[in-house]
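The values are calculated or read from the model by the stated rules, or taken from the named source; none is laboratory data. These figures come from a predicted structure and were not determined experimentally. So basically every Cβ, Gly included, is an ideal-geometry build from the backbone, and we count neighbours across all protein chains shown. Keep in mind that these areas ignore ligands, DNA and RNA; they rest on the heavy atoms of the full protein, side chains included. Shrake-Rupley method; radii C 1.70, N 1.55, O 1.52, S 1.80 Å.
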Amino acid sequence: MRDVVITGIGLVSSAGEGLEPHVAALNGQAAPHVDTERFAPYPVHPAVALDWDRQIAKKSDQRQMEAWQKLGCYAAGLALEAAGAKEDAALKNRMHLIVSAGGGERDYAVDGQILTGLRQAENPGVFLNERLMGDLRPTLFLAQLSNLLAGNISIVHGVTGASRTFMGEESSGVDAIRVARERIASGQNDIFLVGGAYNAERPDVILIYEMGGFLWKKPYLPVRERTHEGGGMILGSGACFMVLESREHAESRGAKALATVAGVTSDRGRRAPGSVGKALRAQAETLGARPHVVISGASGVKGITEDEQAALTELAPTAAIHATGDVVGHTMEAQAPIGVALAAALIAEGRAGEALVTSVGHWRGEGAVRLTKAP
């Protein structure tokens, strides 16, 4: 099995653009950026303003993308630049792509017009069919399709190897990294661009997670402190992409490795008191994890967050434990890639020899990633 290393990271969120502001926020050197007004009483971590032209040159491409796609395309461009692959067309032609994505963003204007018109329509069925035939996006769906992000990354950045899109909230991010890592380690492929994107600044996702009782509705508190007052998630907008490749492939093209992805595990057990802790203990044992630092993807939801923290304290009693939710909010499909990116940055800076990244879903799914120093 070959060593798998990270050679490029592209990261954008409420904390800023690139690794530097994110590591500073992780270390408590910058206060979390939280919007408490637009979706009150639900706080949200909004993405910072970006100059889209820097990574998405054509205005026509920008216009046909909703926010989650633009965030993803932008982060993918940053990752390719960091890996020294942005201008290498031959390399990108054989670079594979795996994206973790949600269900796409809805067309609120069309939704509203249809719902308003249905109230007065003499024949609601006919009216609905006529509006759907005339008002649908070119994708023949009221929401953007999940695999459009992968398609746009291929078009905008020229990454034209095989592409896959995984859905499944937090678990999709873990599995995207796991599959890329295993395919490289086994020798099936040499290099992947992998990551995810999420736009939390949408009324429909606020509604969905509030109906499940998952959202935090009070002034900002760090993830672990929320459980004392009922718990809940603060959603965050962001995207993270990474270039993963075999160590030999990276060396052959003179690319610097930031960290080694030593192993990835993913599970989806039934939730019961103590089940999350049990799953993480088993995963840490499978990975042989002895971390100096832990990057937790805890959501803040009561019960499972406390369960995770208890397990991490037991598994890594001397390790520094950080929560990505304190820095960027809960970014769903992008949560695991962001955690891995932050861990890789700490390792590259020499501040940790080994890191464990956890991704515990707000409802289902448990995953862990072990990173070590690049050889």
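A few notes on this one:
- Counting residues in segment 23-36 that are part of a loop (DSSP other than H, G, I, E, B) and more than 27 Å from Ala343 (Cβ to Cβ) gives one or more.
- Taking the criterion of being free of Cβ contacts under 8 Å to residues at least 24 places away in the same chain and among the β-branched types (Val, Ile, Thr), the only residue of segment 197-226 that qualifies is Ile208.
- Being surrounded by fewer than 16 Cβ atoms within 10 Å (Cβ to Cβ) and farther than 29 Å from Ala262 by Cα holds for only one residue in Ala31, Ala24, and it is Ala31.
- Filtered residue count, segment 285-312, keeping only those that are buried (at least 23 other Cβ atoms within 10 Å of the Cβ) and within 15 Å of Ala355 (Cβ to Cβ): 6
- Subset of segment 302-313 [within 11 Å of Gly232 (Cβ to Cβ) and either part of a helix (DSSP H, G or I) or under 20 Å from the mean Cα position of the chain (by Cα) (or both)]: Thr305
- Failed criterion for Arg364 (all others in (1) at pLDDT below 95; (2) surrounded by 22 or more Cβ atoms within 10 Å (Cβ to Cβ) hold): (2)
- Members of segment 327-355 found to be of a type outside the set (Gly, Ala, Ser), assigned to a strand (DSSP E or B) and open to solvent by less than 10 Å² (accessible area, probe 1.4 Å), listed by number: His330
- Segment 259-278, subset farther than 26 Å from Leu149 by Cα and buried (at least 24 other Cβ atoms within 10 Å of the Cβ), residue modelled with the lowest pLDDT: Val276
- Annotation note: of Gln55, Gln64, the sole residue that is surrounded by 12 or more Cβ atoms within 10 Å (Cβ to Cβ), modelled with pLDDT of 95 or more, over 27 Å from Lys217 (Cα atoms) and polar (S, T, N, Q) is Gln55.
- The C-beta contact set for segment 166-188 (first residue farther than 17 Å from Thr286 by Cβ and outside any helix (DSSP H, G or I), second residue modelled with pLDDT under 95 and open to solvent by less than 20 Å² (accessible area, probe 1.4 Å), distance under 6 angstrom, 6+ apart or interchain) comprises Met167/Ser146.
- Qualifying position, being buried (at least 19 other Cβ atoms within 10 Å of the Cβ) and over 19 Å from the mean Cα position of the chain (by Cα), among Ile153, Ile184: Ile184
- Scan of segment 74-111 for residues that are of a type in the set (Gly, Ala, Ser), open to solvent by less than 30 Å² (accessible area, probe 1.4 Å) and in a helix (DSSP H, G or I), ordered by number: Ala75, Ala76, Gly77, Ala79
- Subset of segment 1-59 (residues that are over 19 Å from Leu346 (Cα atoms), in contact (Cβ under 8 Å) with a residue 60 or more places away in the chain and among the β-branched types (Val, Ile, Thr)): Val34, Thr36, Val44, Ile56
- Whenever a residue of segment 227-253 is farther than 20 Å from Gly195 by Cβ, its partners that are of a type in the set (Asp, Glu) and surrounded by fewer than 24 Cβ atoms within 10 Å (Cβ to Cβ), lying with C-beta atoms within less than 9 angstrom and at least six residues away or across chains, give the pairs Thr227/Glu306; Gly231/Glu306; Arg247/Asp3; Glu248/Asp3; Glu248/Asp190; Arg253/Asp88.
- Sub-6 Å Cβ pairs linking a first residue in segment 270-290 that is in contact (Cβ under 8 Å) with a residue 40 or more places away in the chain to a second residue that is part of a helix (DSSP H, G or I) and hydrophobic (A, V, I, L, M, F, W, C), at least 6 apart or interchain, are Val276/Ile304; Leu280/Ala311; Ala284/Leu315, ordered by first then second residue.
- Condition broken by Pro317, with the remaining ones in (1) touching a strand residue (DSSP E or B) at 6+ places or on another chain (Cβ under 8 Å); (2) part of a loop (DSSP other than H, G, I, E, B); (3) not β-branched (Val, Ile, Thr) satisfied: (1)
- Flag if Ala49 is surrounded by fewer than 18 Cβ atoms within 10 Å (Cβ to Cβ) and more than 22 Å from the chain's Cα centre (by Cα): no
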